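See structure below.
The values are calculated or read from the model by the stated rules, or taken from the named source; none is laboratory data. These numbers come from a predicted model, not from an experiment. Heads up, the Cβs are rebuilt from the backbone with ideal geometry, glycines too, and the neighbour counts pull from every protein chain shown. Areas reflect the complete protein model, heavy atoms only, side chains present, ligands, DNA and RNA absent. Shrake-Rupley method; radii C 1.70, N 1.55, O 1.52, S 1.80 Å.
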Amino acid sequence: INKNGSDVTISTFLPLLHQGLAGAAFHGAIHLGYGYAAQVDEIIAEGLAYLHFCYVPLYTENSNSTSSYSENQIEKTNRSESSTFEDYAATFTSMLETLQTDADLYRQVEEGKTMFKDTGLSTFQRAIMALSHNDNGASLYKYTDPLPNCGDTMWIVDLMLQLYVRTCTENSSDFFLLHGVTSSWALAQVSHLLQLSQRSELHRSLENALFAAYVVQGCPPIENPLLSLQSKKLSWSWDDIVSNTLQNVQNDEHVFKLVEIARERASSNEAHVSDEICREAAIRVGKLEFRFAGI
């Protein structure tokens, strides 16, 4: 970074590392993107080092996998060059709901609990390692390959905000789908540094990682958010939401991150998520208990 600058360094190394971004619960990507947004070279370097150290690759079309699964059982499709957010979001959600019945993926995750039990790592990390260990996560590819082309990394941010709200229960929200929101936002800060083809590969890696997180979390039901909105609290202004968030000094740092992302997207003219859903996400993240590894 000192020699070439952060832009060149990120554009050189991120394409080599993004297939493994699910390792350490997305924190390498989160540190990288937030470091770049703040223009702090030390945090950018830390993020790249974190991605390298915690690299757990999941299969993409350009993986160097030699597994029989990836060669013989995956029928690759050519993604359309253009799509709408609505098409992308609908297919993304539909494929998540389809994999809910995939017993083989559940088996892989369960095996990870014991396969890597001596590592001392978290249940989430061991499960991701198990998916990677089995053909580099090739079994996820049949669900992410049909997705239309992602037109912008911010599409995934907006989609994950919706998914976060739609998987909340009355008492809890999903901790690692929350990481899906913050890591997607973080990668959106740096994705413009990549060439177009590299950006498409980044999106595929991120999609695989998010699908993997959804499986590890037990495939929580995806409900209609309009049926469960906390309408009384939605009368709060954004100033009220921010003030209430800051008053709780015990909040996990991801709470502050999600509230700021939600507020930013609510004020954006280019967002594909409503102010109502953004405020719902910001309210729920500060009020509900977190669900950790769900299987």
Only residues that are under 14 Å from Asp174 (Cβ atoms) and open to solvent by less than 20 Å² (accessible area, probe 1.4 Å): list them for the stretch 265-295, please.
Ala281, Arg284, Val285
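If I ask for residues that are aliphatic (A, V, I, L, M) and at pLDDT below 95, which ones from the stretch 91-124 would you list?
Passing the criteria: Leu99, Ala103, Leu105, Val109, Met115, Leu121.
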Quick check on my filter: what residues within the stretch 1-28 are open to solvent by less than 10 Å² (accessible area, probe 1.4 Å) and under 15 Å from Gln39 (Cα atoms)?
Ile10
Going by the structure shown, is Ser184 on the phi < 0 side of the Ramachandran plot, surrounded by fewer than 24 Cβ atoms within 10 Å (Cβ to Cβ), part of a helix (DSSP H, G or I) and small (Gly, Ala, Ser)?
no
Scan the stretch 1-38 for residues that are in contact with a helix residue (DSSP H, G or I) (Cβ under 6 Å, 6 or more places away or on another chain) and assigned to a loop (DSSP other than H, G, I, E, B) and report the count.
3
Restricting the stretch 44-63 to residues that are surrounded by 20 or more Cβ atoms within 10 Å (Cβ to Cβ) and not hydroxyl-bearing (Ser, Thr, Tyr), the residue that is farthest from the chain's Cα centre (by Cα):
Ile44
Give Ser173, Ser200, Ser139, Ser183 a once-over and let me know the one that is in contact with a helix residue (DSSP H, G or I) (Cβ under 7 Å, 6 or more places away or on another chain), farther than 21 Å from Gln100 by Cβ and not aliphatic (A, V, I, L, M).
Ser183
Over the stretch 107-122, the set of residues closer than 30 Å to Val273 by Cβ and open to solvent by 30 Å² or more (accessible area, probe 1.4 Å) is Ser122
